[in-house]
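To keep things clear, I will list the structure first and then write my remarks on it.
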Amino acid sequence: MLLRRARPVAAARAGATSQKAATLVVLAVALVFPLFEGANVSVMGIAIEVLTYGLVTLALNLLMGYGGQVSIGHGGLLAVGAYTTAIVATRFRLPFIVVLVLAGVVTAVVGLLLGLPAGRLRSHYLAVATLGFGVAVPQIALNLGSLTGGFTGLIVPTPYIGTIALNEPVPLYYVALGILALSVVAIRSILASPTGRRFMAVRDSEDTAPAMGINVGRTKVVIFTVSSFFCGLAGYVFALNNGIVEPDSFTFSLSLFFFAAVIVGGLASIWGSLIGAALLVVVQQESVSLGGFSEAILGAAVVVMLLLAPGGLAALPRRLRGLVAGAWRPHPEAVSAAGPLDQHRAPPSAGSPGEG
Amino acid sequence: MLRIEDLSLSFGGVQAIDALHLTVPDGTITALIGPNGAGKTSVLNVVNGLYRPQRGCVLHDGFDLLSLPSYRVIQRGITRSFQNVALFGGLSVIDNLILGFDHRSRTGVVRDLLRTRALRAHERAARIRAEEVLEFLGITAIARRRADELAFGERKLVDLGRALMPRPNLVLLDEPAAGLVEAQKAWLAQVLSRIPDEFGAAVLVIDHDMRLVLGVSTWVVVMDFGRKIAEGTPDEVRANPVVLAAYLGGGPAGAAQGQ
């Protein structure tokens with residue numbers, strides 16, 4: 001019986017170690033990837049897109065999976081970051097890091113403004129509000145020609161670190177990888193702090209959160225602001241990777257893409273976000289020749305995942321382990337019957353009312 | 001000390017609380033009992049800032065609680081548990097508890113991100129405090145479990161634990177014993193009766209289990225149809241015919257007969 005109780009703890013520990021190992025392997029592969037494919041411009045472009053979209057998906061998952069909010073307008077935030085990059089870079093000669101931070105900060109401010117009304121809306125009302133935002137941003141860009149270049153957009157000037165041109169595939173790849181890695185570290189750090197706990201508290205129980213001193217409306221605004229900041233950073237990479245920032249790059253299907261990537265990858269999962277985005281980028285690349293069908297494939301992917309694998313790809317290993325391991329999990333009622341008094345004496349799964 | 005004076009609350013045409021006077025002295029356990037729909041939970045919701053009454057005042061050490069938004073009531077040292085035990089299901093037990101402590105952290109996103117010294121000190125203090133509360137409740141073994149995987153009895157204790165985290169001076173408990181089996185109720189009674197001494201907190205508890213409530217409390221207030229129909233020591237209330245009528249007769253007619 002002791003063994004039965006020890007098992008979940010041991011499994012969790014093994015899970016943490018294997019996840020650490022997996023992180024190192026993936027990071028190592030990502031670091032050496034350009035040594036093999038660096039000369040292939042189109043492959044590098046796709047790889048950078050995976051990193052960019054991975055970051056937006058992660059930012060959206062922070063909002064949806066950890067914050068319990070919904071947005072189908074995150075393409076609009078990516079657009080704000082990309083336009084900020086292009087506008088600042090065409091007018092001022094600033095170091096790349098300044099432009100990058102500006103892209104993040106300006107997008108965060110826009111996200112804060114979006115979060116103000118959104119903080120008062122729930123579920124599908126919020127979905128519609130964010131959808132409106134996502135559709136409006138490229139339209140606004142189209143009509144603010146003097147700032148955004150209107151229909152033709154803005155060509156992004158080449159930033160340099162020393163003599164290295166950052167919009168070359170290999171340097172940009174490493175910049176994107178660095179930004180993504182730092183963002184993952186930052187998001188993990190936020191999630192382990194009071195701010196992150198507040199996000200999850202609002203997600204899990206909006207009604208009891210105020211009793212813990214949580215200002216729910218304010219927390220939602222913070223969720224939108226933080227998520228938007230990371231979208232802005234992704235917008236910087238997006239602008240450099242495309243070379244030009246134009247309204248047509250930010251269609252509604254881009255927002256749909258991020259939403260789908262979160263669902264496919266799995267809510268409240270950092271790895272799931274990155275895997276979901278990578279998978280869908282590849283699927284889209286492969287389905288380009290099918291024309292309008294690529295959006296239908298996204299929609300189908302969401303439906304299939306919701307039906308067959310709720311929890312997304314990230315939850316699959318655990319679900320599979322659960323299927324294989326079978327019935328070690330104690331039945332919830334059994335634990336209730338034994339009661340907290342018996343914690344030290346008997347494992348909850350073995351409890352019965354008689355023992356209490 | 002909590003003082004409720006002339007409190008009235010109605011929803012549309014329904015009078016939930018009717019001219020209620022109630023005092024909870026420091027360091028005591030006061031029970032609020034009455035049949036279903038008597039308005040007991042509404043009283044907690046008013047104290048907690050969730051409902052705004054039409055009339056009356058709620059004073060905590062002379063401070064007007066009704067001037068505070070709900071999320072700031074905890075800053076006065078007032079915490080509560082919930083009838084429906086809405087834990088933060090996706091979080092571990094220890095994180096649920098720490099959330100009951102987090103209002104003390106005045107840090108924002110940026111400082112949380114940079115893990116400043118103040119934040120690290122807060123996290124350490126929160127963890128130590130959580131371990132004390134877990135031990136007090138006898139649930140140290142479930143500290144790392146996810147809240148939504150817990151059994152009902154364990155959830156109730158975690159909910160209570162959240163309310164004890166910030167060293168409160170007043171704890172509002174909404175049916176802490178509901179749904180528990182006898183052994184768990186005995187443990188709960190023991191835990192409850194130790195709260196005033198070990199935490200220096202007063203308790204205002206609602207529950208339907210008379211044996212538990214009358215066993216732990218020093219003062220009992222009986223409500224029916226939003227009004228206070230009796231109060232006294234547990235022994236006085238036990239012997240009061242008005243109270244018996246309210247419970248057995250279940251209507252204002254029954255209560256009137258008792259008088």
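Read the figures in this text as sums done on the coordinates, not as results from a lab. Predicted model only: the values in this text are computed from it and were never measured. Glycine also receives a Cβ, built like all others from the backbone with ideal geometry; neighbour counts cover every protein chain displayed.
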### Message
Tell me which trypsin sites (Lys or Arg not before Pro) from segment B:1-106 have a DSSP coil assignment and no more than 12 other beta carbons within 10 Å of their own.
### Response
B:106
### Message
Report, to one decimal in Å, the Kirkwood hydrodynamic radius for segment A:139-259 based on all distinct Cα pairs.
### Response
17.2
### Query
Computed on alpha carbon atoms, what radius of gyration and Dmax characterise segment B:95-218, expressed in Å?
15.8, 51
### Which of B:117, A:218 has the fewest Cβ neighbours within 10 Å, and the rest in rising order
B:117, A:218
### Which of B:231, B:135, A:168 has the fewest Cβ neighbours within 10 Å, and the rest in rising order
B:135, A:168, B:231
#### Entry: Nitroxide proxy distance, nm - points 7 Å out along Cα→Cβ at residue B:23 and residue B:84
3.6
### Message
Once you order the gyration tensor axes a ≥ b ≥ c over the Cα atoms, which shape class does segment B:24-68 get: rounded for a/c under 1.5, otherwise prolate or oblate by comparing a/b with b/c?
### Response
oblate
### Message
To test your reading of the geometry: what angle, between 0 and 90 degrees and rounded to tens, separates the Cα axis of helix B:182-199 from the longest principal axis of chain B?
### Response
70
### Summary
Taking the alpha-carbon centre of each part, the distance from segment A:252-287 to segment B:187-235 in Å is 54
### Query
Which FRET efficiency, nearest 0.05, do residue B:120 and residue A:186 yield, Cβ-Cβ r, R0 25 Å?
0.90
### Query
Over all pairs of distinct alpha carbons, what does the Kirkwood formula give as the hydrodynamic radius of segment A:54-98, in Å?
12.1
### Query
What is the extension gain from residue B:66 to residue B:236, computed as 0.36 nm multiplied by their sequence separation minus the C-alpha to C-alpha distance, in nm to one decimal?
58.0 nm
### Query
Cα to Cα, under 25 Å, and not fewer than 8 places away if on the same chain: which lysines meet these conditions relative to residue A:20?
none
### Query
Residue separation times 0.36 nm, minus the C-alpha to C-alpha distance between residue A:120 and residue A:31: what's the value?
27.7 nm
### Task
Give the angle, between 0 and 90 degrees and rounded to the nearest 10, that separates the Cα long axis of helix A:41-61 from the longest principal axis of the Cα atoms of chain A.
50
### Task
Could you tell me how many degrees, from 0 to 90 and to the nearest 10, lie between the Cα long axis of helix A:96-118 and the main elongation axis, the longest principal axis, of the Cα atoms of chain A?
60
## Note on the structure
Expressed in nanometres to one decimal, the distance between label points 7 Å along Cα→Cβ at residue A:17 and residue B:14 is 5.6
## Note on the structure
Semi-axes of segment B:2-258 from the Cα gyration tensor (sqrt of 5 times each eigenvalue, largest first, whole Å) come to 33, 21, 15
### Message
Based only on Cα atoms, what mean projected area does the convex hull of segment A:35-325 have, in nm²?
### Response
16.7
## Note on the structure
From fewest to most C-beta neighbours within 10 Å, the residues A:107, B:116, B:28 line up as B:116, B:28, A:107
### Summary
Of the convex hull drawn through the C-alpha atoms of the protein assembly as shown, the volume per residue in Å³ is 182
#### Entry: Three-way shape label, segment B:30-106, alpha-carbon gyration tensor, a/c 1.5
oblate
### Summary
Here, residue A:287 and residue A:307, labelled 7 Å along Cα→Cβ, have an inter-label distance in nm of 1.5
### Partner lysines for residue B:228 [C-alpha distance under 30 Å; skip if fewer than 8 residues away on the same chain]
B:40, B:156, B:185
### Query
Tell me which aspartates and glutamates have Cα within less than 12 Å of residue A:220's Cα, excluding those fewer than 8 residues away on the same chain?
A:206
### Task
Have a look at B:205, B:88, B:14 and report the one farthest towards the positive end of the charge dipole of chain B, computed about the Cα centre with Cβ charges (Lys/Arg +1, Asp/Glu -1).
B:88
### Query
What residues qualify as long-range amide H neighbours of residue B:227, i.e. H under 5 Å apart, gap of 5 or more or another chain, H built at 1.01 Å from N?
B:18
### Task
Answer rounded, prolate or oblate for segment A:36-149, using the Cα gyration tensor with square roots of eigenvalues a ≥ b ≥ c: rounded when a/c is under 1.5, else prolate when a/b is larger than b/c, else oblate.
oblate
### Query
Gain in length, residue A:142 to residue A:316, computed as 0.36 nm per residue apart minus the alpha-carbon separation, to one decimal in nm?
58.4 nm
